[in-house]
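Q: Have a look at this one.
What follows is calculated from the coordinates using simple rules that are stated; it is not laboratory data. Small disclaimer: the values here were computed from a predicted structure and weren't measured. For neighbour counting, all protein chains shown are included, and Cβ atoms are generated from backbone atoms with ideal geometry for every residue, glycine included.
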Amino acid sequence: MSSAPRLEALLERWRADLVRFAQRHGGSALRFESAEDLVQGIHVRAIAAADTFEYRGERPFLAWLHTLARAHIGDRSAHWAAAERDAGSLLRLTDDPGRTADPRAVAAPAARRPGPATAAAESDDIRHALDALALLSARDRELVRWESEGVSIDEQAARLGLSYEAAQRARLRALERFRKTFRALTGERA
């Protein structure tokens, strides 16, 4: 009787199948991540579950792998949906002339769904805004997030234990660092 194949070998053997699975079922996550990126995440989940994995043949293995894949793709889709909701107000803070700095402003959509080029550009902007936010200090992240949520300066000052003027200066510096980081990530000149 032969021994069961190692999990890593099985993952490598079925990688192409998993890429096709991710391409078919990736849905909205594919706007932000490639099928290969999704497969990497699925592999990480599989390896994390290695101690509970027991090989019982190829069909049960594929069923187990596809179950992990569905869960990972669902989590990534939910992550990106939340990021899009949050990033809309965040993008208004990037100083793009087409956007307003008022986080409460809502532009009327020109169409129900953007075209492919517009959707791709918006996805890139969202990624860059989230990356720029992640590169800031924890305090700057909070200040930028609060600004994008429309939290008043009075409330920001209270949360930080600062005077109104000090909170306003801290907010302006955080917004400027966010904008500079966003421009650097997008390749724009200052």
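Q: Among ILE47, ILE126, ILE153, rank each residue by its count of other Cβ atoms within 10 Å, from fewest to most, as a rough exposure measure. Can you show the working numbers first?
A: Details: ILE47 13, ILE126 20, ILE153 16.
Ordered by Cβ neighbours within 10 Å, fewest first: ILE47, ILE153, ILE126.
Q: Just to be sure I understand the model, the point goes 7 Å from the Cα along the line to the Cβ. What's the resulting ALA134 to SER34 distance in nm?
A: Here the modelled spin labels are 1.7 nm apart.
Q: Additional query: How far apart, in nanometres, would the label points at GLU149 and ALA78 be if each is projected 7 angstrom from Cα along the Cα-to-Cβ direction?
A: 2.0 nm
Q: How much net charge surrounds SER137 when only other residues with a Cβ under 14 Å from its Cβ are counted (Lys, Arg +1; Asp, Glu -1)? Could the numbers behind the result be given before it?
A: Values: positive: ARG139, ARG141, ARG145, ARG171, ARG173, ARG177, LYS180; negative: ASP140, GLU142, GLU176.
Net charge around SER137: +4.
Q: Using 0.36 nm per residue of separation minus the Cα-Cα distance, give me the extension gain between TYR164 and THR52 in nm, one decimal.
A: Numbers: separation 112, 0.36 × 112 = 40.32 nm, distance 5.46 nm.
Fully extending the segment from TYR164 to THR52 adds 34.9 nm.
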